[in-house]
Amino acid sequence: MKKARASQEVKAASRRQFLKCVGGAAALSTFGMQVANAGAEGLPRLDESDPTAIALKYVHDASAVAETLRPDKDRYCFNCALYAGSETDDWAGCAILPGKAVAGRGWCSVWAAK
Ligand code: SF4
């Protein structure tokens, strides 16, 4: 009896682990789709005066950012993990700014390493 119960608990634990993996994969897939969609052509450019842009301290020209805010001079949108374009794209989508394009030479305070 104990053996059967232990076997059921192992199966239930395996099922839970499987569902967690599937859920995680689905979440990653959704994030990936958002990043891919953000790179679509024809997106309107993010306005620096947009409230979200202001909150993130986003600018089109990263070289204009004060050194105290951006001490690492190599950080640009084009090399940010959230940028949907390639390093040669002048403008592309950003995963945290859906529906808008940001400048490849831009920057914001959320910059993340690839
Ligand atoms: S998150 Fe990255 S790509 Fe998006 S605006 Fe900020 S620095 Fe640019």
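Nothing in this text is a laboratory measurement; each read-out follows from the coordinates by a stated rule. Because the structure is predicted, anything quoted here is derived from the model rather than measured.
The table below gives the values:
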| quantity | calculated |
| --- | --- |
| Cut-off under 5 Å, modelled amide H: who pairs with Ala101 long-range | Arg45, Leu46 |
| Residue-span extension gain [Arg105 to Glu67] - 0.36 nm each, minus C-alpha spacing | 12.1 nm |
| Additional length obtainable on full extension of the chain from Ala81 to Glu48, 0.36 nm per residue less Cα span | 9.8 nm |
